[in-house]
There are 4 protein chains.
Amino acid sequence: MNVLVWNENRHEKKNPVVSEIYPKGIHGAIANFLQEEHVTVNTATLDEDEHGLTEELLNKTDVLIWWGHIAHDEVQDEIVERVHKRVLDGMGLIVLHSGHFSKIFKKLMGTTCDLKWREADEKERLWVVDPSHPITEGLGEYIELEKEEMYGEHFDIPSPDELVFLSWFEGGEVFRSGAAYQRGKGKVFYFRPGHETYPTYYNQDIQRVIKNAVRWVNNANTPTPVYGNAKPLEAISKK
Amino acid sequence: MNVLVWNENRHEKKNPVVSEIYPKGIHGAIANFLQEEHVTVNTATLDEDEHGLTEELLNKTDVLIWWGHIAHDEVQDEIVERVHKRVLDGMGLIVLHSGHFSKIFKKLMGTTCDLKWREADEKERLWVVDPSHPITEGLGEYIELEKEEMYGEHFDIPSPDELVFLSWFEGGEVFRSGAAYQRGKGKVFYFRPGHETYPTYYNQDIQRVIKNAVRWVNNANTPTPVYGNAKPLEAISKK
Amino acid sequence: MNVLVWNENRHEKKNPVVSEIYPKGIHGAIANFLQEEHVTVNTATLDEDEHGLTEELLNKTDVLIWWGHIAHDEVQDEIVERVHKRVLDGMGLIVLHSGHFSKIFKKLMGTTCDLKWREADEKERLWVVDPSHPITEGLGEYIELEKEEMYGEHFDIPSPDELVFLSWFEGGEVFRSGAAYQRGKGKVFYFRPGHETYPTYYNQDIQRVIKNAVRWVNNANTPTPVYGNAKPLEAISKK
Amino acid sequence: MNVLVWNENRHEKKNPVVSEIYPKGIHGAIANFLQEEHVTVNTATLDEDEHGLTEELLNKTDVLIWWGHIAHDEVQDEIVERVHKRVLDGMGLIVLHSGHFSKIFKKLMGTTCDLKWREADEKERLWVVDPSHPITEGLGEYIELEKEEMYGEHFDIPSPDELVFLSWFEGGEVFRSGAAYQRGKGKVFYFRPGHETYPTYYNQDIQRVIKNAVRWVNNANTPTPVYGNAKPLEAISKK
């Protein structure tokens, strides 16, 4: 399985708080723990040519992980189209945290993907609400993060096909933090945590979820629909 | 309630078969039977200024009905954005037949909305699969259309929030013919039948469904979410 | 529309705290505010003959509201079957608070309907997560209850067809507090708040939700499926 | 992984047509092709002690496959409770064909699970409607069965969490033929084909679906919720 971790990689260059937590970038940290899963992991970032998302690389990518925040607008529409097409063709997509506002996520959802937010070093507790879901494998009843950014409802997304996690925040809000969708032959998983100023991607449970999600969104040679004009499979009576 | 029936209105101008069936246009036929419902009905067409979809008119529209086919590309992106915003703000949207490929429907779904199709004067039977759904009020177990265009699976849409009708086609295909979605504060209903060369919109059951759908997608003063930076509702501990 | 409010009515007889809050019983309080809706409201309680749920009364009931807690086991299985059949035949059902453990709710859900709970006078905040849903008409972004019993996830129910409210609790839990289902021709809405020792059913927003839910679960003359052996509608080829 | 194939095994004893097609019983045929999957397969039948479903055997079973038809009533309620509990605790369940009327399926669904049916040697075509679903791995766009019993809508089940297949029948009906559900920690998949007088379980595509479903319903060490009275995780203010 080929996993590609895409990161905007801008906070890391500008903000020493972030680069201290993630010296190899958020993409580096995620790629690092995914390597324990016996999958091939590559990384790509915004400032590379074609944002590092060439046709060639995408075509052999099974699962794409997306982290972006302050530069969503700089992602070229043509590349967004390319990723969109690949998702519908079966490439799994995991959208993390502030990626909720990425062009690719908004395009796949059809809504604004807007939400409430607050940076206040507050506690987040993610409750498992679907204990049958493979993405929860190996977890306890909840994941606790001592400090995170708050995201609060209403989260303007379509009703998830599968709702896996609900977050409780110290400041009084709740959030649908783990939301799974089917789009074409592809599967999409949105996972809330991961603000750049916290070491969230070093948390073992968070890593567990992302590892599980990689396996869950990975498509398994499912059928490719044929579209367009179709000959009848049965005789049609003359009337 | 203000209902706006939008029609591309091109087949009617070019194809005498169509203009004979729908002398006042498909929009005229739909507007005509909706007037029985004690709602205010307006119509708009592609070739009007701003396609007849001015900010002013959309802002007072509760439910928009959309029929388009051969000129989806001529609908200006700016107008699509305008309609999209109104749907998320609570305007109901009913997309009919070949409107599956309209810009607005594809934008709301996030998928290609592609399908199989065939024009062969074949029989369609729409089975009710959710007999609790208000859109089925007053119907029998199925609706039969002697001749219709075939649309067949796979239909590349997100899994419907509510699946109301399934079609059987003489030539051997099936189709998810009545599919309901929630997007923001708005409700969307896709309804398959209505090829321009058949008198489908004179069928009493088809009219019943569209009348029911108008009531179902009409928003009832639900809450308007507030997005963006939010002050805490509860005290956050210092750590 | 005929609404029937059913209450176990045991706490009211035993606990002066409850009878002081609800001198006419919880059923009396609910019936009282529903009368503002121009519907016919009846009440029934556990200790009546057939628990007040005669065939005759159920057959003319459009919407049944259910509150029970300490005597679920005393509800006769035969009466549960009767209510179950009526729900599948189109009678709307609203299950309140501790009714999550009622025989009828468990039978309709197919799961244990178990949950976490705590009586600690804590704050509950119910967030609207589907602002397109008619059950949220007239509400703000959330409902706040100063003191309520806590119900926490995991709530062992099937994934709701429509998830309307999510609760935040002061003690750190979340809960799917407004959950809508389709069963046969019937609609079911579970609404969490309403512990007997708090005046929750006098809260205007809570009343608004129950009033909205009564309209939402009320079936509108939808089709009655025919089951069993069926003659073909089309000719079947001899092979 | 331990798979247990349960079969009523009555048609095989009474009807030579069936015993000729399935000389080792339907359970034998299913067990046979599942052995290709490198899983441990056991079988059990109605007339064994405890229907072959002892606590000990069920506790070590990961996936249970269920085929029944004419003797649903003979399955003891106590054993149904035992299977139900195991499903909620995470044992996967695959219900085949006439198992739609089994006690365990009706209990998990909460509805009558009734449908239309006809034995007329007619053609069935199962269309894939979710080409992202792992259960469709290795299939084409549809599966064709030359002769099968017809099952037609309305199928009185809750709206599937995931709808995978839709059937077209020669006689004019459609059916939701592959329906997936989550119940507690368990996953349930209903798959329509498999009437006893046809050699359906020798069809390679049908075998593929059942093999895929075995993997899909198999639970992967997901969290076990704790229910009941719960201490607060956060301080609750005194009011």
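Summary value for chain D: 20 percent relative contact order, contacts being C-alpha pairs under 8 angstrom separated by 6+ residues. For region B:1-83, the relative contact order is 43 percent, taking Cα pairs closer than 8 Å that sit 6 or more residues apart in sequence and dividing their mean separation by the residue count. Kindly identify region C:40-81 as rounded, prolate or oblate by the Cα gyration tensor criterion: order the square roots of the eigenvalues as a ≥ b ≥ c, call it rounded if a/c is under 1.5, otherwise compare a/b with b/c, prolate if a/b is larger, else oblate. Taking the square roots of the gyration eigenvalues as a ≥ b ≥ c, region C:40-81 is prolate.
A 1.4 Å probe, protein heavy atoms only, puts the accessible area of residue D:236 near 30 Å².
Quick check: at a probe of 1.4 Å, how many percent of the accessible area of the protein assembly as shown sits on carbon and sulfur atoms?
46 percent
Across all Cα pairs in the protein assembly as shown, the calculated P(r) in 20 Å bins from zero up to the longest distance comes to 14, 46, 36, 5 percent per bin.
Chain C against chain D buries an accessible area of about 3600 Å², both chains summed, 1.4 Å probe radius.
Of the beta bridges DSSP finds with both residues in chain D, what % are antiparallel, to the nearest 5?
Antiparallel: roughly 55 percent of the beta bridges in chain D.
Distances between placed amide hydrogens fall under 5 Å for residue A:44 paired with A:5, A:6, A:7, all partners being 5 or more residues away or on another chain.
Contact order normalised by length for region B:68-159, with contacts defined as Cα pairs under 8 Å and 6 or more residues apart; what percent is it?
Across region B:68-159, relative contact order equals 30 percent.
Residues whose amide H falls under 5 Å from that of residue A:94, counting only those 5 or more places apart or on a different chain, are A:64, A:65, A:66, A:189, with hydrogens built in the peptide plane. Per residue, the solvent-accessible area of the protein assembly as shown (1.4 Å probe, heavy atoms of protein chains only, all protein chains present) comes to 34 Å². Label-point distances for residue B:60 to the equivalent site in the other copies, using a point 7 angstrom along Cα→C-beta, read 4.5, 6.1, 7.6 nm when ranked shortest first. Across peptide B:205-211, the average count of Cβ atoms from other chains found within 10 Å of a residue's Cβ is 0. With everything on Cα atoms, drop me the angle between helix B:25-34 and the longest principal axis of chain B, reported from 0 to 90° to the nearest 10. Tilt relative to chain B: about 70 degrees.
Order the following by accessible area, largest value first: D:11, D:69. Probe radius 1.4 Å; ligands, DNA and RNA are ignored.
Most to least solvent-accessible, the answer reads D:69, D:11.
Per-residue accessible area (protein heavy atoms, 1.4 Å probe) orders A:50, D:162 as A:50, D:162, starting from the largest. Distance from the C-alpha centroid of region A:91-146 to that of region C:111-132: 20 Å, rounded to the whole angstrom. Using a probe of 1.4 Å on the protein chains alone, the accessible area found for residue D:187 is around 20 Å². Let me know the shape class of region D:1-97, please: from the alpha-carbon gyration tensor, a ≥ b ≥ c as square roots of the eigenvalues, rounded when a/c is under 1.5, otherwise prolate if a/b is greater than b/c, or oblate. Since a/c reaches 1.5 but b/c is at least a/b, the shape of region D:1-97 is classed as oblate.
Seen against the Cα atoms of chain D and their longest principal axis, helix D:77-88 is set at about 70 degrees. Each other copy places its own label point for residue B:23 at 7.1, 7.4, 8.3 nm from this one, sorted shortest first, where the point lies 7 Å along the Cα-to-beta carbon line. Across the identical copies, the label point of residue D:239 (7 Å from Cα in the Cβ direction) is separated from its matches by 2.7, 6.4, 6.7 nm, in order from shortest. What is the angle, in °, between the Cα long axis of helix A:204-217 and the longest principal axis of the Cα atoms in chain A? Nearest 10 is fine, range 0 to 90. Around 10 degrees separate the two axes. Protein-only accessible surface at a 1.4 angstrom probe places the residues A:118, C:215 in the order C:215, A:118, largest first. Report which residues of region D:132-155 become buried by 40 Å² or more of accessible surface when going from the isolated chain to the complete set of protein chains (1.4 Å probe; DNA, RNA and ligands ignored). Buried by the other chains: D:132, D:137, D:141, D:153, D:154.
The values are calculated or read from the model by the stated rules, or taken from the named source; none is laboratory data. Predicted model, so just to flag it, every value in this text is computed and none were measured. Positions of Cβ are generated from backbone atoms using ideal geometry, with glycine treated the same way; all protein chains shown enter the neighbour counts. For the accessible areas, the whole protein counts, side chains as well, though only heavy atoms, and no ligand, DNA or RNA atoms are used. Shrake-Rupley method; radii C 1.70, N 1.55, O 1.52, S 1.80 Å.
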